[in-house]
Structure formats: C-alpha cells, structure tokens
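Have a look at the structure below, then the notes.
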C-alpha cells in the first residue's frame, strides 16, 4: 500500500510536470474560452452601418424582426417567387410569418433568377411557387436539420385554404380564425426523454472513448519507455508488479479526470459568464442541455468512466511491458483497441437507431469490455432495472481486479523480455508458468 | 548475518537455467558470483531479489526464509538505466521510498551519498545532462541510499575512470566494514580478487567451484611449473613435449615462459632438479594461479570435466 501510494504520487507528479500535458490542457481551456466569448466579442464589434442590398429588385419585403443590417451580416434571406403576380402577393405574408428567422423577400422575377441568386450565394434559399399546390425549394447545401420544406408546405396549404374559403364566400377574417385555431399539447415521457439525453450521452461516450484512447496509449508508452531506458531493471526489484500496475494506471486515470474536469469546468464557467450572448441559439441550447445532466446520471458516468478506464488502462499497461522499443507500442496495442471498439459503436448505433433496449445491446451492457459504454448509454437513454445496473457494475469491477492481477503478471514476465516481441501464445505460456 | 541459497532450480520453458545452486555469503564479507555470459548470474540475483520465484529451493537469512519487508536489498544492475528526463533528487528519493523510506529520511540519506560521491552540485539537474560515468554514480546511490543489509553490485566498475573506480572501492570497503553482505558479480577478476573473501563460479547453471578465495588458491592443485629460460626455451619444449601446456602465457607479460604439467605434485623436486641441471634456467617456480586463471579453467566448456572433480572445501 505504501509502495502503491509512492508510485501513484511519483506518476502523478510526472503528469503534472509533463509539458505536453500542461500545454494541451491550457490550450484546450483557452480555445474553449475563445469559443465561449465569441458571441460577446462579435456583439461588441459587430452591428451598426447600413448595408446595400444589390441583388435584383425586391418588389415586396416582409420585414418582421429583421433589419437590413442583419441581412447584410447574416445573409439569411429567403427569396420568394411565383408563377403569377397574384399568387406571389398572396404567399408573401404567410411565408414571412412562418419563417421569422429569415428575411423573406418577394420578387416577380423568373424561377431562373431565384435559382441563380441561391447558386451564387446571395441569398440563403429560395422558394418558387409553380402552381397553387406545388413549389420548388432551392438551397445550396441541404443541411441535415433543414426542415424549411415542411414549413413551406404549411404556408402553401394556408394560402390554398384561404383562397378556397374566399371562393366559398367566407370573409377573410373568419377564414383566418378558422385556420388559426390553436392547439396546445404536453409531452409526458414516463421513462427517459431520448432526445434530451442524446447530447450528453453522446458527448460522454465520446469523452470516454477519447480518454481510453489517449491515456491508455500513454500508460503503454510510459511502461515501454521505462523498459527501453532500463529503469525497469531497478523498478522490478524495488516494487511489486501489482503496485506498479495499479499505481501507474490509477495515476493516469486521475490525470485524465483532472484534464476532463478542467475542460468541462472551463466550458461551464465561460458559458455562464457569456450566457446572455448565447441566448436562444441552437449551440447555446445544447450546451445548456449538457449542464442539465441529472446528478444520479453523473454518478453513473463517473463509475463507468473510472472502471472502464482502469479495465483498459491495465490492458494497455501490460501490452506496453511486452515491447522493447517505444516505437512498437502503437502496433502492439491494436488488438486491445479492437476489443474496445464494439462497445463504442454499439452505443453510438443504438443511440441513433433508438434501439437501446434490444437484446444485443443488453448482452453487451454486461460484458466488461463494452459495458462502460453500453450500460451507461442504456441508463441514460432508457429505464434499466437497478439489479441489472448493479450486476453490470459488479462484473466490471471484478474484471478490473482480475485484469489488473493478470496485467501485473504479464508485466513481471514482459519487462524482463527484451528483443523480439513475444507472440500472444508464448506470452500466455510464460505467464502461466511464471 | 548469513544469506544462503539452497538448492535453487529454475526453468525458463524447457531450458533448465539453474540446476541446484547453493552458496552462502556472510555479513562483513564480500562475495563474488562469477560466471560467463549466460551462466545464470542475473537469474540467480533475480531469484534472490524475489523478482520471480525459484522452481525449487530456498533463500534463507540466518536459516529462516528471507522476509523481504525486513531485509533490505540494494541493487546496481548491470544494465544501467534510470529516468533520463527526471531530476536526480526526484528519482533517487522515489527509489528510496519504494524501499520503504520516508521522504525526509530518504532525502537526508541521498544528500549524504551525493556528497560522498562528489555529486552534490548535480542534485537538482536532469539525469540526461550528466556524463555516463556520473550517471553511473547516481545509479549507485539507488543501491545504497536505503541502507540495505545486502548490497548486490553487478559489474560495478565498468565505465568508471580510475579516480571514480578508487572512490567506489573506498565505498565498497566502507560498506563491508559496516557489516553488510556485499555480493559482487563481475568479469573483471582483479576487482573480485581485491575485494572478495569468498567466491562461487557458475557454469551452465551449476556451481563448479566455491569457497574462500584464499583456500581455493591454496588448495589449487600445485601440479604446474612455470619455467623461464631465455636461452634454452626451445630445447625444454622439445624435451618435455608431453608435459608442455601450449599457449599458456601467450597474452601475459612474459610471453616466453613455459608451463609444464606435473603428473603428481611430488614430481616437483625431481623435475626442478632436472631442469636446473640440464638447461640454462632463469627461473622455475610452482604455478600460483590468479583468479583469472582459475575462472578460465573452470568456466570454459572444454575444461568442464576437469573442473567437476576439483571440489574445494571451504
């Protein structure tokens, strides 16, 4: 125990004195600060000055919330045209109302003209109404979240309905009232709301993935460096391999956690400092959502992060002890990486596919090499019985101890083998013999 | 205190590396563990230090199984190496703490040793800024700082200049006089001869010779004569063709000395008389082997048979 704490302290000190560790952490925090302060800085320097709008001859402008300055800055103009003048005028109002985020400009020019404006990037998008019941939506690059066409459908339907009602002799005011009937609804999810939990689950899975990748490799490098500098000759006679293994891996786990906490602490702090400037923007909403993680889930996150990290860290450490040259580390750890990819991908696919409770996912949520990813995903995105969570944690914790002991054994045999890297079978043989 | 290895066996795979090795070393004395490359010295040291267990046999301190928590061992490995990028005081105190010292205690002891080795000015430098010889002195501190009862020095003199070698000799003498067990492993026989009271020669995983160095030398079969004759060397070689040991002194100072084998030590007087009567002799004496000669004889493959029937009682 004494040896373990000596090793832990020494390794931690090594991390916190390591220039690349310190520089990466500081750089991350600075970049985060930059991003978080960006809207505030832009607000301070932006604004003011009128912008000439040079394209076409807008016959009709629906200016609701937007000002011409904003048009110039954001280029968020929707160009609206139609097959005849009357339809164009009829559509302008409903479109402007349905697209408050755009400055809707109506033109009486041809479809070709609207198309060219979009193509050359003068406007964000364009709508050309072909007939009373059809239109074309022009946009340069269709974004994944683009649902303008759905809104445009609504606008078109409204225009068509109004004109039908007008023909039937219903007064415009009555027609608007009929169409404007407001429905309210509440969505009550008795389990988890996957849409809300999606973001932070995704981020956490990804952080765990990156942490294992980076720090696991660091553990392997660390062991291989000690071996190649022959400090190992002395270490192996001074400390027990088990203390060595656990000391190193836990130290890198703590170093990783500190880095992650600094980064997320940075996001949290700088976001809150600049909250008003992020306002209701999409990015702001996501960040806000991220900091709304329920406390219980945070605890699970920590448990699975720690155990998952230790599980793979031990494995990487053991592998590091079998190579003689630091250059060989990256090839040597490939098999262990392959072992941890299924967990990551199953998590991601089940999240995006929505099938977090399928039997495949359930099986993988108990296997130690995938449970840190998969069980955490299930907890976050679905309702998992407490017993299943406990079972998964116990399996993982026991596996960590077993892998740790095995890793210490491999380490003891591995560090004394120089030269050609033993293949997996000779390694297993000598570990059993040792 | 007596450190004893009893009937140690070790296999690596199908390779039987140590075959029933036994020896003991007493405190206040230096013990030399000799053997050619691959004879099993490092394996013996690793078993002694509990890096891995022996397949069979015991490591005893005063007759009881060794307790590694109680008995401190200091080790200077043949393959030198520490952390090149870390400061000297940091890594030295790390190793001393791994051996169970408190940090303050460790730093105090390290400062003593750095001073003793004239390395105090380098205390806070990174290891890789030091010359190779100085790095080796730093490594020596890792073997001594925690004040172990047993000090194992594997090729301690390699890479040291004569001044540093002298410094190390003084330190080794001090450690011996403090009542420690000092275990030497070296190929440099002159150092072993200088320090060690007792030796064991390992060959092919077995001890082929062990005991007090003085006894070994004294009991060495006195069955060889060294003959120096500048005038009649060729004649003597012809006359005693069946007794001449060829190339015995080729690399020595007196290249032209001859070595004659006696069938029995009692022949000595007769042959000496013969030689002095018939030839112009500049000198004739009974061959007193150096440790080097003994080592070469016992640790060569082709003389292995001769070695096994020459057990020396200590």
Residue check, residue B:138 within 22 Å of residue A:235 (Cβ to Cβ) and at pLDDT 95 or above
no
Please determine, by comparing only the residues of region B:1-26 that are within 14 Å of chain A (Cβ to nearest Cβ) and assigned to a strand (DSSP E or B), which one is nearest to residue B:58 (Cα to Cα).
B:9
Out of the residues in region A:1-34 that are away from chain B (no Cβ under 14 Å) and either surrounded by fewer than 14 Cβ atoms within 10 Å (Cβ to Cβ) or free of Cβ contacts under 8 Å to residues at least 60 places away in the same chain (or both), state the one that is nearest to residue A:253 (Cα to Cα).
A:22
Residue that is surrounded by the fewest Cβ atoms within 10 Å (Cβ to Cβ), among those in region A:117-135 that are in contact (Cβ under 8 Å) with a residue 60 or more places away in the chain and part of a loop (DSSP other than H, G, I, E, B)
A:122
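Here is a yes/no grid of residues against (1) more than 13 Å from every other protein chain (Cβ to nearest Cβ); (2) crowded, with 22+ Cβ neighbours inside 10 Å:
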residue: B:51; (1), (2): no, no
residue: B:54; (1), (2): no, yes
residue: B:60; (1), (2): yes, no
residue: B:68; (1), (2): no, no
residue: B:82; (1), (2): no, yes
residue: B:90; (1), (2): no, no
residue: B:95; (1), (2): no, yes
residue: B:107; (1), (2): yes, no
Options A:229, A:321; residue that is touching a residue at least 12 places away in the same chain (Cβ under 8 Å) and either in contact with a helix residue (DSSP H, G or I) (Cβ under 9 Å, 6 or more places away or on another chain) or farther than 23 Å from residue A:406 by Cα (or both)
A:321
Tell me which helices (runs of 4 or more DSSP H) are completely within region B:39-121 and hold 3 or more residues being farther than 29 Å from residue B:17 by Cα, or say none if there are none.
B:88-98, B:103-116
Test for residue A:270: is it within 26 Å of residue A:306 (Cα to Cα) and either in the same structural domain as residue A:20 (by TED's automatic domain parsing) or buried (at least 23 other Cβ atoms within 10 Å of the Cβ) (or both):
no
The lone condition residue A:418 fails out of (1) assigned to a loop (DSSP other than H, G, I, E, B); (2) at pLDDT below 90; (3) more than 14 Å from chain B (Cβ to nearest Cβ); (4) within 26 Å of residue A:247 (Cβ to Cβ) is (3)
For region B:70-80: of the residues being more than 9 Å from every other protein chain (Cβ to nearest Cβ) and under 25 Å from the mean Cα position of the chain (by Cα), which is modelled with the highest pLDDT?
B:74
Going through A:260, A:250, A:236 one at a time, which residue ends up being under 28 Å from residue A:6 (Cα atoms), part of a helix (DSSP H, G or I) and within 14 Å of chain B (Cβ to nearest Cβ)?
A:236
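The values are calculated or read from the model by the stated rules, or taken from the named source; none is laboratory data. Small disclaimer: the values here were computed from a predicted structure and weren't measured. Ideal geometry is used to build each Cβ from the backbone, glycine not excepted, and the neighbour counts take in all protein chains shown.
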